[in-house]
Amino acid sequence: MYSIVVSCGGYYRFNEFREFIEDTGGLVIRRDSLTIRRGIFFLRNELRALCVVPEDEVENVAREASRIG
């Protein structure tokens, strides 16, 4: 069986995270990006990825997501 996992973070090293998901037999099914600004000032970019991963790999994915940050 598979589990749905949502990962939030920055753009930095997202490709590495996506490759890890694919190596575990999972798939990134949606990627949303958000730019946060205050007036004319840029504050940050944020990325949210919706992933489907095998149930036995959920802990490994959470550990890798926190490592990548």
Expected output for segment 53-65 (first residue closer than 16 Å to residue 29 by Cα and touching a residue at least 12 places away in the same chain (Cβ under 8 Å), partner β-branched (Val, Ile, Thr) and in a strand (DSSP E or B), Cβ below 6 Å, 6+ apart or cross-chain) is 53/5; 61/5; 61/53
Residues in segment 42-69 that are out of contact with any Phe, Trp or Tyr (no Cβ under 9 Å at 6 or more places or on another chain) and more than 20 Å from residue 2 (Cα to Cα) total 5
Among strands (runs of 3 or more DSSP E) completely within the chain, the ones holding 3 or more residues that are exposed (fewer than 11 other Cβ atoms within 10 Å of the Cβ), at pLDDT 90 or above and touching a strand residue (DSSP E or B) at 6+ places or on another chain (Cβ under 9 Å) are 27-38
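The values are calculated or read from the model by the stated rules, or taken from the named source; none is laboratory data. All figures in this text were calculated on a predicted structure; none of them were measured in a lab. Cβ: placed from backbone, ideal geometry, glycine included. Neighbour counts: every protein chain shown.
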